[in-house]
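> Before I ask anything, here is the structure I am working with.
The values are calculated or read from the model by the stated rules, or taken from the named source; none is laboratory data. None of the values given here were measured: they were computed from a predicted structure. Cβ: placed from backbone, ideal geometry, glycine included. Neighbour counts: every protein chain shown.
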Amino acid sequence: MGVAVIRELYGVMTDVVAQYGKFVCSSQFSRDAKQFAQGKPIELVDVYKLVKLINAVQKEKRMQTIYPPLEPKPSAASVMATPQTMTPDCPRCGSGMVKGKAKHGKNIGKWFWGCSQFPDCKGMQPIE
């Protein structure tokens, strides 16, 4: 690949204020093209570098097929130590209950289970 196309790339990069350019070709770059790109933010990828990149990607893909990435599994101890929140059913209507905190009355500040169908159902029970 000759120097003219590398100069053209650099001209476009300058025009659009690009900070980096990459030129990929399926052959080799001329000595003039390599010298022109030297010291400029241009990466030249010739056929040999391209083949290496393709082989690296294919090797990685084969490795993932043979050895799929492992997902971290929680240990049995951490699963057993994790509290399971069980919401009770309403004693009046059987619907699920939601956690609430009393805002007034003799139980102010205390947590309780209240029916999710409130105000149609006023079922509740204290949280112990």
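> Give the residues of the stretch 35-49 that are closer than 14 Å to residue 18 by Cβ, touching a helix residue (DSSP H, G or I) at 6+ places or on another chain (Cβ under 7 Å) and part of a strand (DSSP E or B), sorted by residue number.
Within the stretch 35-49, 42 is the sole residue that qualifies.
> Restricting the search to the stretch 73-106, which residues are in a loop (DSSP other than H, G, I, E, B), more than 15 Å from residue 125 (Cα to Cα) and modelled with pLDDT under 80?
Selection gives 73, 74, 75, 82, 83, 84, 85.
> For the stretch 109-126, what are the residues that are in contact with a Lys or Arg (Cβ under 9 Å, 6 or more places away or on another chain) and exposed (fewer than 12 other Cβ atoms within 10 Å of the Cβ)?
Result: 109, 126.
> Could you pull out the residue among 120, 32 that is at pLDDT 85 or above, assigned to a helix (DSSP H, G or I) and either more than 30 Å from residue 3 (Cα to Cα) or acidic (Asp, Glu) (or both)?
Step by step, each of 120, 32 is checked, and only 32 is at pLDDT 85 or above, assigned to a helix (DSSP H, G or I) and either more than 30 Å from residue 3 (Cα to Cα) or acidic (Asp, Glu) (or both).
> Something else: Mind checking which pairs have a first residue in the stretch 21-46 that is surrounded by 13 or more Cβ atoms within 10 Å (Cβ to Cβ) and a second that is in a loop (DSSP other than H, G, I, E, B) and aromatic (Phe, Trp, Tyr), Cβ under 7 Å, 6 or more apart or different chains?
Correct list of pairs: 44/29; 46/29.
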